[in-house]
Amino acid sequence: MNSRLLALAALWWPLALAQERPLFYAPLDKSMIAPGTLRVVVSSMGETTLLLDGKVVKTDAPAPGVMRADLTLPAGAHELVARNGAGESKIRVFAGRQQAGFEPFKQHPPTATCETCHAVKQGEWALRRASLAPICAACHPQDRFAKVHTHGTDLLAECQACHMPHGSQAAKLLKQPKEIGCKQCHGQQ
């Protein structure tokens, strides 16, 4: 594993929780989803309110600094707002088949809970293990890994370095196109 990527990942999570305004992890802004149940995940310190189309919705907090809600969305455009004492964040989602300006959102993982990957450690929400790869491997067979990736698991040990674990609008839940992601380690050519 590239030690620079591992160091960045280790720094990113605590910084995300220490921010002032709430941050949506799922879904992303301008996401298009199927009508029905949607899991919303927000990181936010302090008392936080989640609103769907201007109405407060019930949330639960699996850990300090994290809130989630399972919402049932009818077809059409919706606005989600997460608000705390320091500010607010807004995203728009569209429940339906197609809408200009919205990208399909693939929620991941569809069957797991937050606690599959996370746990409270020393009063903070953290990854359950230093590496998520064994957790990912429980559902994603490693024998198929080499067929999809150029490198083996010895170099690409941290799945979340390239993939969005909460969901994405990109193919394969990538954080960015493969051509750009490879250049994180290989540089511009």
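The values are calculated or read from the model by the stated rules, or taken from the named source; none is laboratory data. Please read all numbers here as calculations on a predicted model, not as lab measurements. All Cβ positions, even for glycine, are placed from backbone atoms using ideal geometry, and neighbour counts span all protein chains on display. These area figures cover heavy atoms from the full protein model, side chains too; ligands, DNA and RNA do not enter into them. Shrake-Rupley method; radii C 1.70, N 1.55, O 1.52, S 1.80 Å.
Heavy atoms of the protein chains alone define the surface here; on that basis the stretch 41-189 has 62 Å² accessible area per residue at 1.4 Å probe size.
Cβ-Cβ distance of K90 and D143, R₀ of 41 Å, FRET efficiency by 1/(1 + (r/R0)^6): the value works out to about 0.45.
Can you pull the percent of the stretch 39-154's accessible area that's carbon plus sulfur, 1.4 Å probe, other chains left in place? Carbon with sulfur: 54 percent of the solvent-accessible area. When the surface is traced with a 1.4 Å probe over the full set of protein chains, K106 keeps roughly 80 Å² accessible. Taking Cβ atoms as reference points and 11 Å as the exclusive limit, the residues near F102 contribute a net charge of +1, counting Lys and Arg as +1 and Asp and Glu as -1.
From the alpha carbon centroid of the stretch 167-189 to that of the stretch 98-127 is 19 Å. Pairs exceeding a 21 Å alpha-carbon distance, out of K147/K172; K58/K172; K30/K90: K58/K172. What you get for the stretch 50-189, charging only the Cβ of Lys and Arg (+1) and of Asp and Glu (-1), is a dipole of about 180 debye around the Cα centre. These residues, V41, V148, go from largest to smallest accessible area, 1.4 Å probe, as V148, V41. Seen from C114, the other residues with C-beta closer than 15 Å to its C-beta sum to a net charge of +1, counting Lys and Arg as +1 and Asp and Glu as -1.
Accessible-area rank, largest first, for H140, H166: H140, H166, with all protein chains present and a 1.4 angstrom probe.
Sparse packing (at most 14 other Cβ atoms within 10 Å of the Cβ) combined with a DSSP loop state is found for the following trypsin sites (Lys or Arg not before Pro) in the stretch 31-64: K58.
Largest accessible area first, the residues L73, L127 order themselves as L127, L73 under a 1.4 Å probe with ligands, DNA and RNA left out.
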